[in-house]
Every structure is written in C-alpha cells, then in structure tokens.
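S.K.: Here you go, one structure.
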Amino acid sequence: LAGSGIALGAHGEILADDRLRTSLADVYAVGDCASFPSARYGERLLVHHWDNALQGPRTVAANILGETPAVYDPVPYFWSEQFGRFVQYAGHHAAADRMVWRGDPAGPSWTVCWLREERLVALLAVGRPRDLAQGRRLIEAGRHMDSEALSEPARPLKDATAD
Ligand SMILES: Cc1cc2nc3c(=O)[nH]c(=O)nc-3n(C[C@H](O)[C@H](O)[C@H](O)COP(=O)(O)OP(=O)(O)OC[C@H]3O[C@@H](n4cnc5c(N)ncnc54)[C@H](O)[C@@H]3O)c2cc1C
C-alpha cells in the first residue's frame, strides 16, 4: 500500500476511522490489516482475531449502503482451544485498574475479570462459556460490578452487578 495514498500506522497497518474508512475516499479497511479508534476504550485498537474480521464488514456494508453512519466500536472477542480447554476472551484490558479471579486458575475451569473504575472492561474464561456470554453483554452495557460478588464463581456473573 506504500504510495497508494492510504495512511498507514506504526505497525504498517491501515489507519481506518470509526466508520472503517481509509484516508482514500471510498476505500474501506477491515480485519487484521486495519486499526480503528475505539471510543469505548479510548484508544486505537489493532485486533488480530477472527470475530473482528467477521463483524467489521457489516459496518462497512452499512456505511456503503445506508444513509445513517454506522460506527464500529465492538467489544473485541476471540476463542481458542488450548490443551483441550476452551479459552475465550472479550474486551480489552490495557487500562484496567483491577483484576478479580472467579475460581482457581490451577483448576480446569476459571475466569478472570478486569475492571476499570468498577466497570467490567474485559474477561478471560477457561471452560466457562456462560461467564463469557454474560460478561460480554455486561461490558457492552458498561455495567458497574460488585467485586466481592464477582469473585464467587458459583454466582452467575449477571447477578454480580452493583447498579
Ligand atoms: C496460526 C493462527 C492461529 C489463529 N488462531 C486464532 C484463534 O484461535 N482465534 C481467533 O479469533 N483468531 C485466530 N487467528 C487470527 C485469525 O485467523 C485472523 O484474525 C483472521 O483470519 C483475519 O482475517 P482477515 O480476513 O482480516 O485476514 P486473512 O484471513 O489473513 O485474509 C487476508 C487475505 O488476503 C490475501 N492477500 C494478502 N495480500 C494480498 C495481495 N497483495 N493481493 C491479494 N490478496 C492478498 C491473503 O492471501 C489472505 O487470503 C489465528 C491466526 C493464525 C495465523
């Protein structure tokens, strides 16, 4: 892309805007090759995961076809299988100020949650898909959490809110 007129970032990635437009008119960028500014996390994100490559094109299609601008600001998500364990992560925890464990990380299934100013910003769930599903919605909604309740693995994550 060098010399194309499309602005590139420090990692050689395409610098897309919040509608996934590049600096060249009518050219959009999605997936591994593009970073985008996230209002949710207050920084530009470069996400190298399958879900990002799946969701971005919906925003691009909406912006090409629609009259109302569609903004791309997802809660990033990935899953993987590692050593027979189902591992899922949602969010972005670079600016988190607190970490709360749900369960024993030496055991087969546990979750770790990251909070910023008592709001859930990210979680990693190992063998606990229900935590991931509920946590992802709580992150999207920006809910305040009760960290004491959050640390009890038997309590559903959605019942550990503080507001
Ligand atoms: C080993 C590995 C394991 C992974 N595991 C996971 C995982 O467990 N979970 C997860 O969420 N994500 C995982 N990922 C990341 C995930 O695969 C990527 O985020 C996703 O495939 C990105 O999709 P994309 O369409 O943006 O890019 P790509 O899938 O890389 O597609 C880009 C396409 O562009 C083509 N291309 C490149 N240059 C040119 C050119 N000049 N002209 C024409 N075509 C070109 C390439 O051949 C390729 O087909 C993994 C990646 C790797 C490499």
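The values are calculated or read from the model by the stated rules, or taken from the named source; none is laboratory data. Only a predicted model underlies this, so the values are computations on that prediction, with no experimental measurement involved. Here the Cβ positions follow ideal geometry from the backbone for every residue, glycine too, while neighbour counts run over all protein chains shown. Accessible surface is based on the protein model in full, side chains and every heavy atom, while ligands, DNA and RNA are left aside. Shrake-Rupley method; radii C 1.70, N 1.55, O 1.52, S 1.80 Å.
S.K.: Taking 7 Å along the Cα-to-C-beta vector as the label spot, tell me the residue 64-residue 11 distance in nanometres, rounded to one decimal.
M.R.: Distance between the two pseudo-spin positions: 2.5 nm.
S.K.: With every protein chain present, what is the per residue accessible area of the chain (1.4 Å probe, Å²)?
M.R.: 55
S.K.: Got a sec? Charge dipole of the chain, +1 on Cβ for Lys and Arg, -1 for Asp and Glu; which of 41, 154, 69 is way out at the positive end?
M.R.: Positive-end residue among those listed: 154.
S.K.: Determine the principal axes of the Cα atoms in the chain, then give the extent along each, sorted from largest to smallest and rounded to whole angstroms.
M.R.: 54, 37, 27
S.K.: How big is the charge dipole of the stretch 77-159 about its Cα centre, in debye rounded to the nearest 20, if each Lys and Arg gets +1 on its Cβ and each Asp and Glu gets -1 on its Cβ?
M.R.: The calculation lands at about 240 debye.
S.K.: Can you compute the modelled spin-label distance between residue 155 and residue 2, with each label point 7 Å from Cα toward Cβ, in nm?
M.R.: 5.6
S.K.: Compute the length gained on full extension between residue 95 and residue 39: take 0.36 nm times their separation in residues and subtract their Cα-Cα distance, giving the result in nm to one decimal.
M.R.: Full extension of this stretch gives 18.8 nm more.
S.K.: Considering only the other residues whose Cβ falls under 14 Å of the Cβ of residue 140, what net charge follows from Lys and Arg at +1 and Asp and Glu at -1?
M.R.: Here the charged neighbours net out to +4.
S.K.: Ok, one more. Would you work out which of 86, 50, 113 lies farthest towards the positive end of the dipole of the chain, given +1 charges on the beta-carbon of Lys and Arg and -1 on that of Asp and Glu, about the Cα centre?
M.R.: About the Cα centre, the residue reaching furthest to the positive side is 86.
S.K.: Then there's this: Taking the Cα centre as origin and putting +1 on Lys and Arg beta-carbons and -1 on Asp and Glu beta-carbons, what dipole magnitude results for the chain, to the nearest 20 debye?
M.R.: 260
S.K.: A follow-up question, please. Set the Förster distance to 41 Å, then compute FRET efficiency between residue 118 and residue 46 from the Cβ-Cβ distance, nearest 0.05.
M.R.: It comes to 0.90.
S.K.: Calculate the dipole size of the stretch 14-65 relative to its Cα centre from +1 charges on Lys and Arg beta carbons and -1 charges on Asp and Glu beta carbons; express the result in debye to the nearest 20.
M.R.: So the dipole magnitude of the stretch 14-65 works out to roughly 100 debye.
S.K.: Let me ask another. Leaving ligands, DNA and RNA out of it, report the carbon-plus-sulfur percent of the accessible area of the chain at a 1.4 Å probe.
M.R.: C and S fraction of accessible area: 53 percent.
S.K.: Let's test the formula: R0 of 35 Å, r as the Cβ-Cβ distance of residue 104 and residue 54. What FRET efficiency results, to the nearest 0.05?
M.R.: 0.60
S.K.: Let me ask something else about it. If each DSSP helix of 4+ residues adds -39,500 (n - 2.57) and the sum is divided by the residues in the chain, what number results at 222 nm, nearest 500 deg cm²/dmol?
M.R.: Value at 222 nm, helices only: -6000 deg cm²/dmol.
S.K.: How long are the semi-axes of the equivalent ellipsoid of the stretch 77-159, taking √(5λ) for every eigenvalue λ of the Cα gyration tensor, in whole Å from largest down?
M.R.: Those come to 19, 14, 11 Å.
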